Amino acid sequence: MSRALNIDTDNPEAEAKPRRFTVDGQSFATARAEPGLHVTATPIGNLGDITLRALHTLAGVDVILCEDTRVTRKLTQRYGIATPLAPYHEHNAAKVRPGILQRLGEGAAIALVSDAGTPLVSDPGYKLVQEARDKGLRVHAVPGASAVLAGLTISGLPSDSFLFAGFLPAKAGERKRRLAELKDVPATLVLFESPQRVLSTLTDVAEAMGGRKVAVTRELTKLHEEVIAGTAEEIATALSGRDSVRGEITLLIAPPASDMQTMVSDAALDAELAAALRTMSASRAAAHVAEALRLPRKRVYARALTLRGGGDEGRRQD
């Protein structure tokens, strides 16, 4: 097993071998990483999104476990990292996991990466981490890029409460049943979807969840990054007019309307209104804040009148 993973922790010469990485043509030395499993996030598209700590980790471990060595090799070659790569994916995980755990118990430093983003999100790393912790082995978090958070932050949908639901089922019937289970969750839903199924999924979302706001984020951090916002039906219509839909997709769905309204506290609403009322009339401030917070204008206007003192007298000119 150690030969297959190319882990030489028992070899003094390997221990003393310089470990280096390169950034913009400048070479940096690093020490051997601490023993244990290093769960390391890698870029989701733009290779410049790697963290400095991740570079030290990948250069400092004894071996890097990856879903596809061809994908990870592009990253290690970009940064001049010579650490051996070994496959760890859903097809070989059960077979190679005992050997990995043995080497961790013997003091190896091993990094676990996915093809893109943070490991354990829709990949087989969970069982490895679980068994390592059950055996009392060290597990280190090396955080970084995440398509879930990247999509959420630029979607324009509420981000203070969200549920990541992974990939929806490929079969239409099972997908519809899953959406029915999720439709009443009082949080923004974050899903991964393939470009081949996104139109079918949007059709099912429109059927299950009506006219909720939806965002399709595509090719995050890459040259052709795109956010398409609207209802599921509107986005499906827009995408159906294209020759093809390409790239990795993160699909986000707003919470049910009632939850959208209650997620904003009175204190938060008052703060937004107070700022707007400094330069706007109550009616203009209410319209502005209602749109920004996605709240019913009637509720916001009533609150604006209360803050203004019961009426719209003395309104400021805009």
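The values are calculated or read from the model by the stated rules, or taken from the named source; none is laboratory data. Predicted model, so just to flag it, every value in this text is computed and none were measured. Counting neighbours? That spans all protein chains shown, and the Cβs are built from the backbone with ideal geometry, glycine included.
Here are some notes:
- Exactly one residue out of Ala82, Ala16, Ala93 is aliphatic (A, V, I, L, M) and modelled with pLDDT of 95 or more: that is Ala82.
- Residues that are among the polar types (S, T, N, Q) and surrounded by 17 or more Cβ atoms within 10 Å (Cβ to Cβ) within the stretch 70-101 comprise Thr72, Thr76, Thr83, listed in sequence order.
- For the stretch 125-139, residues that are under 17 Å from the mean Cα position of the chain (by Cα) and either crowded, with 20+ Cβ neighbours inside 10 Å or assigned to a loop (DSSP other than H, G, I, E, B) (or both) total 1.
- Of the candidates Val142, Val121, the single residue that is surrounded by 20 or more Cβ atoms within 10 Å (Cβ to Cβ) and either in the same structural domain as Glu291 (by TED's automatic domain parsing) or among the β-branched types (Val, Ile, Thr) (or both) is Val142.
- Extreme residue, surrounded by the fewest Cβ atoms within 10 Å (Cβ to Cβ), among residues of the stretch 17-51 that are free of Cβ contacts under 8 Å to residues at least 40 places away in the same chain and closer than 19 Å to Glu248 by Cβ: Gly48
- Of the helices (runs of 4 or more DSSP H) lying entirely inside the stretch 52-117, those containing at least 1 residues that are without any contact (Cβ under 8 Å) to a residue 60 or more places away in the chain and more than 20 Å from Ser27 (Cβ to Cβ) are 69-78, 93-105.
- Among the residues listed as Glu174, Glu181, the single one being charged (D, E, K, R), closer than 29 Å to Leu295 by Cβ and at pLDDT 95 or above: Glu181
- Checklist (1) surrounded by fewer than 14 Cβ atoms within 10 Å (Cβ to Cβ); (2) assigned by TED's automatic domain parsing to the domain that holds Asp160 applied to Ala271, failing item: (2)
- Cβ separations smaller than 9 Å between residues 6+ apart or across chains give the following pairs from the stretch 295-309 residues that are in the same structural domain as Thr279 (by TED's automatic domain parsing) and in a loop (DSSP other than H, G, I, E, B) to residues that are surrounded by 15 or more Cβ atoms within 10 Å (Cβ to Cβ) and among the hydrophobic types (A, V, I, L, M, F, W, C): Leu295/Met260; Leu295/Val264; Leu295/Leu269; Leu295/Val289; Pro296/Ala290.
- Looking only at the stretch 142-185, and only at residues there that are of a type in the set (D, E, K, R) and touching a residue at least 60 places away in the same chain (Cβ under 8 Å), the one that is nearest to Ala208 (Cα to Cα): Lys183
- Flag for Arg177 being out of contact with any helix residue (DSSP H, G or I) (no Cβ under 8 Å at 6 or more places or on another chain) and not acidic (Asp, Glu): yes
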